[in-house]
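The values are calculated or read from the model by the stated rules, or taken from the named source; none is laboratory data. Computed from a predicted model, the values in this text were never measured in an experiment. For neighbour counting, all protein chains shown are included, and Cβ atoms are generated from backbone atoms with ideal geometry for every residue, glycine included. We work out accessible area using only protein heavy atoms, side chains counted, and drop any ligands, DNA or RNA first. Shrake-Rupley method; radii C 1.70, N 1.55, O 1.52, S 1.80 Å.
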Amino acid sequence: MVVDDTPENLALICNFLIDEYKVLLSSSGVRALEIAHSYPKPDLILLDVLMPDMDGYAVLKQLKADRRTSDIPVIFVTAMAGEKEEFCGLSLGVVDYITKPVHPAILKVRVKNHLQWKLSQDMLSQQNLWLQQEVQQRVTAYQKAQDVTMRVLASLADARGDNEGGHHISRTQAFVRILAEDLAKQPRDASLLTPDVIEAYVRAVPLHDIGKVGIPDEILLKPSKLTPDECEIMKTHAQLGAEALWRVVRDDPDQDSLAFLQPGIDIAWHHHERWDGTGYPSGLRGEAIPLSARLMALADAFDSLMSGSKYKPALSFEETDRVILEGRGTHFDPEIVDAYCRQRPAFRAVVSQLADPAWTQGLQAA
């Protein structure tokens, strides 16, 4: 595209180039911007500087400020031949500077060179875009494989017959995400809870009870209340699960490829810890408990209270809410409870969308 307010200049430059290129003409800066935003957009712009209403500097600034036109190379074609003017144009982003009167041979060579450069840049951009898409597809496939792996591992515990049933995994994943995204906006955890970290926590949720595969059937499947000794054995599922996952990571020569299991190890090992240090298996207190496990502790407790078990009846939303609030600062991280309070509507929505048949009473009471 050639932009000049003088018809004679437009005709002259057009005559120089018309045999080799498709040439668009504009006699004003405003019209030039309209053409630049049309399809197909120009591959190169020859732009006069001194024009009424909108000069070349103003046109250039608007072209460079718009992502749709910022990559179009611009050559200033002007009678302003001073070093100051040339420096100003180059600093604003022009790729070349041609002085008037225009020499046909010089004009053709520079136009050819810059169009070849533009073609190479476009090809490189297309190649980079293809590579980005290819990488993203492989990352997506890899993450899907990781998700499937973790769900298969989690299903081993379910297959033992201690299946909490229904949508327990999906609900607790949703609860962990809700809490983590809320905390990501708060001062304490904003720097840690990046979108990638949150995603890693959510994807690790299915592994929280993987250690139950190591609990004897007579305890895991016992229909009546467990004895104190049996309770102690049941509690070992946390450490059993974490150690099983850790052995997989430890024995693999490429440990980086299994880094996605680390949140699963933390969650499996410590989701029964309590904020006041009275939990198990390690008796960790406060922020010594991994954040992923603190999030899982509330999510799992909430879902377990709403779902009930063979030992305890299901509670209503209000009753569950009361238990969670009573556990602030003792069972649960206070700031995570505060996040829960801010996100009650989101928790209710998950309860409604992913309800199991056994939740009927609780939902009606809610």
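Tabulated data for the structure shown
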| item | result |
| --- | --- |
| Any hit, the stretch 304-324, residues being open to solvent by 10 Å² or more (accessible area, probe 1.4 Å) and of a type in the set (Val, Ile, Thr) | yes |
| The one condition in (1) more than 24 Å from the chain's Cα centre (by Cα); (2) modelled with pLDDT of 95 or more; (3) assigned to a helix (DSSP H, G or I); (4) farther than 23 Å from Asp196 by Cα that Arg274 fails to fulfil | (3) |
| Count - residues of the stretch 331-340 that are part of a helix (DSSP H, G or I) and either open to solvent by 40 Å² or more (accessible area, probe 1.4 Å) or β-branched (Val, Ile, Thr) (or both) | 4 |
| Residue identified as over 27 Å from Glu8 (Cβ atoms) and surrounded by 14 or more Cβ atoms within 10 Å (Cβ to Cβ) among Lys108, Lys118 | Lys118 |
| Any hit, the stretch 114-128, residues being hydrophobic (A, V, I, L, M, F, W, C) and touching a strand residue (DSSP E or B) at 6+ places or on another chain (Cβ under 9 Å) | no |
| Pairs where the first residue, in the stretch 195-207, is without any contact (Cβ under 8 Å) to a residue 40 or more places away in the chain and under 14 Å from Leu183 (Cβ atoms) and the second is open to solvent by 10 Å² or more (accessible area, probe 1.4 Å) and among the hydrophobic types (A, V, I, L, M, F, W, C), C-beta under 7 Å, 6+ apart | Ile198/Ala184 |
| Among the candidates Leu90, Leu24, Leu50, Leu44, residue that is over 15 Å from Leu107 (Cβ atoms) and under 41 Å from the mean Cα position of the chain (by Cα) | Leu90 |
| Checking Leu240 against (1) more than 26 Å from Arg328 (Cα to Cα); (2) open to solvent by less than 20 Å² (accessible area, probe 1.4 Å), the condition it does not meet | (2) |
| Some residue of the stretch 282-292 being open to solvent by less than 10 Å² (accessible area, probe 1.4 Å), in contact (Cβ under 8 Å) with a residue 24 or more places away in the chain and among the hydroxyl-bearing types (Ser, Thr, Tyr) | yes |
| Selection status of Arg160, part of a helix (DSSP H, G or I), open to solvent by 80 Å² or more (accessible area, probe 1.4 Å) and either at pLDDT below 65 or not small (Gly, Ala, Ser) (or both) | no |
| Residues being open to solvent by 30 Å² or more (accessible area, probe 1.4 Å) and either closer than 16 Å to Val350 by Cβ or in contact with a His (Cβ under 8 Å, 6 or more places away or on another chain) (or both) - total across the stretch 179-211 | 1 |
